[in-house]
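Q: Quick one: this structure, given as structure tokens, is what I'll be asking you about.
Quick note: the coordinates plus some simple rules give every number you see, no bench work behind them. Keep in mind that this is a model prediction, so the values were computed, not measured.
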């Protein structure tokens with residue numbers, strides 16, 4: 001599945017369920033950013049991305065460990081997308097990487113529905129941009145394309161969340177039409193901003 005860009009203008013919630021991008025700018029993104037499923041040849045790049053995000057306590061590829069067999073991981077993501085064999089408390093979700101110029105620059109995870117816990121602090125969309133690729137407008141394009149997918153899934157009222165301290169994600173969400181609904185406490189010392197995009 002490939003989503004063309006718009007015109008310019010379940011389990012305990014962890015950091016991978018929220019959004020992680022540090023800052024953004026308004027420079028136009030080349031319209032070649034593409035969201036797509038993982039491929040067999042992505043293993044090295046995705047594992048590097050996963051390690052790069054560990055310092056921010058963010059799981060680039062949720063559930064991926066050093067011991068995880070790559071083909072089995074990709075098959076598991078396809079089953080999650082179809083809602084097959086989900087563990088108790090999980091929901092169907094679509095995991096896509098963001099590719100720009102042949103390089104993976106970020107990712108999105110789109111939940112097809114929410115549990116009570118996800119409705120508080122996780123939301124429908126969890127996205128990130130890798131540190132090397134930040135401040136190029138990629139986060140806005142990733143979220144815009146993710147919203148296209150939520151509409152195709154029949155979601156008209158989308159919840160997107162971020163840490164209150166994450167100014168970059170706040171700006172991205174707000175630039176994509178996010179209206180602040182509330183700020184809630186999550187883990188001790190952590191507050192989550194909850195935005196609605198309709």
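Q: What is the mean projected area of the alpha carbon convex hull for the stretch 129-198, to one decimal in square nanometres?
A: 5.1 nm²
Q: A further question on this structure: Translational D (Stokes-Einstein, µm²/s) of the stretch 39-78 at 10 °C and 1.306 mPa s when Rh comes from the Kirkwood sum over C-alpha pairs?
A: 153 µm²/s
Q: Another question, then. Defining a contact as two alpha carbons under 8 Å apart and six or more residues distant in sequence, what relative contact order in percent does the stretch 15-155 show?
A: RCO, the stretch 15-155: 34 percent.
Q: Tell me the Kirkwood hydrodynamic radius of the stretch 15-155 in angstroms, computed as one over the mean inverse distance between distinct C-alpha pairs.
A: Hydrodynamic radius (Kirkwood, Cα pairs) of the stretch 15-155 is 15.4 Å.
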